[in-house]
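Chemist: Before I ask anything, here is the structure I am working with.
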Amino acid sequence: MPKIIKCSVCNEDIAASAKICPKCGAKNKKPFYKKWWVWAIVVVIVAIVASSSGNEGTTTTGENGNGTTTVESVKKEKYEIIGDVTSEKDAFGVYIKGTLKNNSGRDCSYLQITFNLYDGEGNQIGTAFDNINNLEKDGTWKFKAMGIDADGEVASFKLAEVTGF
Ligand SMILES: [Zn+2]
């Protein structure tokens with residue numbers, strides 16, 4: 001049995017597959033919205049729009065994030081020490097350990113961190129430093145700056161500088 005539909009012009013029962021209505025000659029066109037592929041395309045378009053608007057949302061967030069980062073990088077130091085800086089001593093020296101983040105917005109081919117070392121009276125008695133190559137943008141570096149402290153005089157330290165290029 002062929003599927004029977006009503007002619008959209010004269011309301012006669014006609015075969016769904018008929019190209020024209022046998023009674024009135026009107027073209028038997030399925031209404032646009034009854035074609036399955038119309039809905040398939042609509043679904044695909046909606047999915048694309050939804051996902052691209054999702055991406056746009058993410059991109060927008062990212063741009064906002066970048067904007068914030070730009071603002072922050074003005075406020076934030078190019079090279080930021082994250083968390084605590086600790087020190088250890090052995091018979092040869094003092095080791096100052098911590099984590100430095102590269103906020104400069106680019107890869108650093110070379111980075112050096114330097115600490116001033118002081119004795120108990122506040123006299124500077126040396127420096128401790130560490131360096132690294134190829135610290136990536138936003139990368140973090142666990143540094144271990146070593147200073148000579150053969151006499152065991154180092155009582156305190158202070159970050160002197162971070163240089164990089
Ligand atoms: Zn008809």
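The values are calculated or read from the model by the stated rules, or taken from the named source; none is laboratory data. Predicted, not measured: the structure shown is a model, and the values here were computed from it. Cβ: placed from backbone, ideal geometry, glycine included. Neighbour counts: every protein chain shown. Ligands, DNA and RNA are stripped out before the accessible areas are found, and what is left, the full protein with its side chains, is counted by its heavy atoms. Shrake-Rupley method; radii C 1.70, N 1.55, O 1.52, S 1.80 Å.
Chemist: Measuring from label point to label point, each 7 Å out along Cα→Cβ, what is the residue 20 to residue 106 span in nm?
Modeler: 7.4 nm
Chemist: For the stretch 79-164, which whole-number percentage of the solvent-accessible area (1.4 Å probe, protein heavy atoms only) is attributable to carbon and sulfur atoms?
Modeler: Numbers: 2130 of 4800 Å².
Here carbon and sulfur together make up 44 percent of the probe-accessible area.
Chemist: Can you compute the FRET efficiency between residue 52 and residue 78 using 1/(1 + (r/R0)^6), with r the Cβ-Cβ distance and R0 = 45 Å? Round to the nearest 0.05.
Modeler: Details: r = 35 Å, r/R0 = 0.78.
Here the calculated transfer efficiency is 0.80.
Chemist: Here is a further query. Using label points projected 7 Å from each Cα along Cα→Cβ, tell me how many nm separate residue 153 and residue 133, to one decimal.
Modeler: Rounded to a tenth, the inter-label distance reads 3.5 nm.
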